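I have placed the structure first, in the form of structure tokens, so that the comments after it can refer back to it.
We did not get these values from a lab; they are worked out from the coordinates using the rules stated. Predicted model only: the values in this text are computed from it and were never measured. Cβ coordinates were reconstructed from backbone atoms using ideal geometry, including for glycine residues, and neighbour counts include every protein chain displayed.
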Amino acid sequence: MNTANAQSALAPPTVASSDGTLLSVSAEASSTRVPDIAMISTGVVSRAADTATAMRQNAEQMAKVMAALKQAGIAERDIQTSGINLNPQYHYQQNETPKITGYEARNTVSVKVRDLSKLGKTMDTLVAQGANELNGPNFQVDKPDEAYDEARRGALEKAQARAGMYAKTLGLRVRRIVSIDETGGYRPPVPMMRAMAMDAKNAGAETAVAPGESTLSVNLNIVFELGR
């Protein structure tokens, strides 16, 4: 049995024996969608001389942040605590043992924003209510299955066309597909965020964000059997 490789890196683990020629083809296709949700991480960092004060101040400020999220229309199911930390703060001086100067309390939550038209205002409200940590947004497609299926069909059509071309050139025909291996990927858009200076002239301005487009790709590694 002869073997022809369009992609030399491909080597299926097991292939049923036949009198045909095996052709390994790799094809990729993508589908784009406008993101409809965004993930942000926000929280409060508090520092104080002792642990109790640091935790208490952090809890008080974090309560305001959580209230701001609910006021912005974020459902409880879309808010998840991602970390609570309490760590000593040290003063370092050469040739001396580090000394504890205080404690830092940190509480962060992951937030899913489903209404992107309110994303900028939500982020501004969080900061106004005491959040001093804010990361994101990470834009996503909430239900990507349709886009992935679209990419799968495109990749399959490419692979079949390529296999047909090889078969025709060799004076053969495509008998069947022996195996299909799929890998996929999600390329999120690079978020464009512009913080507006809050001065007397634009006190009503809010942080501007642009979701752009997300690319969802599928790569198929397909082994075809060619024959007469």
Averaged across orientations, what area in nm² does the convex hull of the alpha carbons in region 129-170 project?
5.0 nm²
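Would you mind checking the pairs 70/143; 64/99; 64/143 and listing those with alpha carbons more than 26 angstrom apart?
Pairs exceeding the cut-off: 64/99; 64/143.
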So what's the gap between the Cα centers of region 120-155 and region 38-106, to the nearest angstrom?
24 Å
Percent relative contact order for region 39-155, counting Cα pairs under 8 Å at least six residues apart, stands at 41 percent
Could you compute the net charge surrounding residue 23? Neighbours are other residues with a C-beta less than 15 Å from the C-beta of residue 23; K and R count +1, D and E count -1.
+4
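Beyond 16 Å, how much of the Cα-Cα pair distribution for region 17-64 remains, as a whole percent?
For region 17-64, the fraction of Cα-Cα distances above 16 Å is 71 percent.
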Net charge, residue 160 excluded, C-beta distance under 12 Å - Lys, Arg +1, Asp, Glu -1:
+3
What the Cα atoms of region 37-140 span along the principal axes, largest first and in whole Å, is 54, 24, 21
Hand me the GluC sites (Glu not before Pro) from region 91-137 located in a DSSP loop with no more than 12 other Cβ atoms within 10 Å, in residue order please.
96
Loop-located chymotrypsin sites (Phe, Trp or Tyr not before Pro) in region 43-146, at most 11 other Cβ atoms within 10 Å (DSSP)
92
Evaluated at q = 0.19, 0.22, 0.23, 0.31 Å⁻¹: base-10 log I(q)/I(0), Debye formula over Cα of region 73-115
-0.67, -0.76, -0.79, -1.00
